[in-house]
Amino acid sequence: MSKSVAKRRQPSLAQLRAFAAVAEHLHFRDAAAAIGMSQPALSGAVSALEEALGVTLLERTTRKVLLSPAGARLAVRTKAVLAEVGALLEEAEAVRAPFTGALRLGAIPTVAPYLLPTVLRLVHDRYPELDLQVHEEQTASLLDGLATGRLDLLLLAVPLGVPGVTELPLFDEDFVLVTPLDHPLGGRAGIGRDALRALRLLLLDEGHCLRDQALEICREAGRADTPATTTAAGLSTLVQLVAGGLGVTLLPRTAVRVETARSSQLLTGSFADPAPTRRIALAMRTGAARSAEYAELAAALREAMAELPVRVLDG
């Protein structure tokens, strides 16, 4: 370390967190709200960090906040430092006692409503000292949260193919076709995938991995176009659109009981083997301090999920 660097004041974690929040939101009010700090305190922390580092991190105007060239470079390093501090705290917590303290679990919207009852019941019964905190977000947001240390563990569809992320597969589940009462495929078994070529298939909005999976299933069936322009933000709305006669949709089997119970105007059909499927897994940072705990949790979840309409996988 050079003498000039050694003489400078060391930045505090609070200053780094403040700068990281501003770098993410590019808005002082939003950044302050995100980390639970008052706006004047946030602004003061960033100014103190600039003084400590001897560089200008932000370009402030009356309308917006921009990162300076130096700020853009140091924002990346700041994010990495905070992630390492989070890993340090996580490892210390794991050393103290397994399955205690906070565990921040992220789950995608097409999994959370249908699997969380099983997850919460398992944690309540087997790990009563574990403070499980659940965050429902789309896949891209979850992966960002995992990378930055905001989240510890994810429950989502795989494969992800993301470096630095280890997947712990839980189960495979089939997709079923949900139709209105008067649809010719309603209630049928052994539906061929080629039937998807001509169907008006309703989809979730962009950003949902289930939308991408449905489109991939259609491509595998030989369909090149986007099935329908009508989309929905969630499965509940999607199923109601089907009940109203706007088209058909694909549902993962774990969602069928909950979503189709909302309407008497629906039928479900099953595909011929091999049916289109998705795989659900836990995902963690590779080399996470609590990786042994997460592996044990995955094994417990496989056991608990045997009661669901899925094919549980070996660990």
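The values are calculated or read from the model by the stated rules, or taken from the named source; none is laboratory data. Values in this document were obtained by computation on a predicted structure and should not be read as measured data. Positions of Cβ are generated from backbone atoms using ideal geometry, with glycine treated the same way; all protein chains shown enter the neighbour counts. Keep in mind that these areas ignore ligands, DNA and RNA; they rest on the heavy atoms of the full protein, side chains included. Shrake-Rupley method; radii C 1.70, N 1.55, O 1.52, S 1.80 Å.
So here's what we get for this one:
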{"read-out": "From the options ARG290, ARG262, ARG278, residue that is at pLDDT below 90 and touching a helix residue (DSSP H, G or I) at 6+ places or on another chain (Cβ under 6 Å)", "value": "ARG290"}
{"read-out": "Tally, over segment 119-152, of residues that are of a type in the set (A, V, I, L, M, F, W, C) and either open to solvent by less than 20 Å² (accessible area, probe 1.4 Å) or within 20 Å of ALA292 (Cβ to Cβ) (or both)", "value": "8"}
{"read-out": "Enumerated strands (runs of 3 or more DSSP E) restricted to segment 232-315, each holding at least 2 residues that are under 18 Å from LEU210 (Cα atoms)", "value": "249-252, 277-285"}
{"read-out": "Positions within segment 80-90 being surrounded by fewer than 18 Cβ atoms within 10 Å (Cβ to Cβ) and touching a residue at least 24 places away in the same chain (Cβ under 8 Å), in sequence order", "value": "VAL81, ALA83, VAL85, GLY86, ALA87"}
{"read-out": "Condition check for ALA14: within 30 Å of VAL123 (Cβ to Cβ), at pLDDT 90 or above and surrounded by fewer than 17 Cβ atoms within 10 Å (Cβ to Cβ)", "value": "no"}
{"read-out": "Set LEU266, LEU238: member being open to solvent by less than 10 Å² (accessible area, probe 1.4 Å), more than 16 Å from GLU167 (Cβ to Cβ) and of a type in the set (A, V, I, L, M)", "value": "LEU238"}
{"read-out": "Number of the condition not met by PHE99 [criteria: (1) surrounded by 14 or more Cβ atoms within 10 Å (Cβ to Cβ); (2) within 29 Å of ASP212 (Cβ to Cβ)]", "value": "(2)"}
{"read-out": "Segment 143-190 - residue that is under 30 Å from ALA83 (Cβ atoms) and among the charged types (D, E, K, R) and, of those, farthest from the chain's Cα centre (by Cα)", "value": "GLU167"}
{"read-out": "Given (1) open to solvent by less than 30 Å² (accessible area, probe 1.4 Å); (2) in contact (Cβ under 8 Å) with a residue 40 or more places away in the chain; (3) not basic (Lys, Arg), number of the condition GLY54 does not satisfy", "value": "(1)"}
{"read-out": "Residue count for segment 175-204, restricted to those that are assigned to a strand (DSSP E or B) and more than 19 Å from GLY222 (Cα to Cα)", "value": "4"}
{"read-out": "Checking ARG257 against (1) open to solvent by 10 Å² or more (accessible area, probe 1.4 Å); (2) at pLDDT 85 or above; (3) more than 30 Å from GLY315 (Cβ to Cβ); (4) within 25 Å of the chain's Cα centre (by Cα), the condition it does not meet", "value": "(3)"}
{"read-out": "Scan of segment 280-301 for residues that are in contact (Cβ under 8 Å) with a residue 60 or more places away in the chain, over 22 Å from LEU89 (Cα atoms) and either open to solvent by 30 Å² or more (accessible area, probe 1.4 Å) or touching a Pro at 6+ places or on another chain (Cβ under 6 Å) (or both), ordered by number", "value": "ALA281"}
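Let's see how each residue does on (1) in contact (Cβ under 8 Å) with a residue 40 or more places away in the chain; (2) in contact with an Asp or Glu (Cβ under 7 Å, 6 or more places away or on another chain):
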| site | (1), (2) |
| --- | --- |
| ALA48 | no, no |
| LEU67 | yes, no |
| THR78 | yes, no |
| ALA92 | no, no |
| ALA97 | no, no |
| THR100 | no, yes |
| PRO113 | yes, no |
| LEU116 | no, no |
| ALA147 | yes, no |
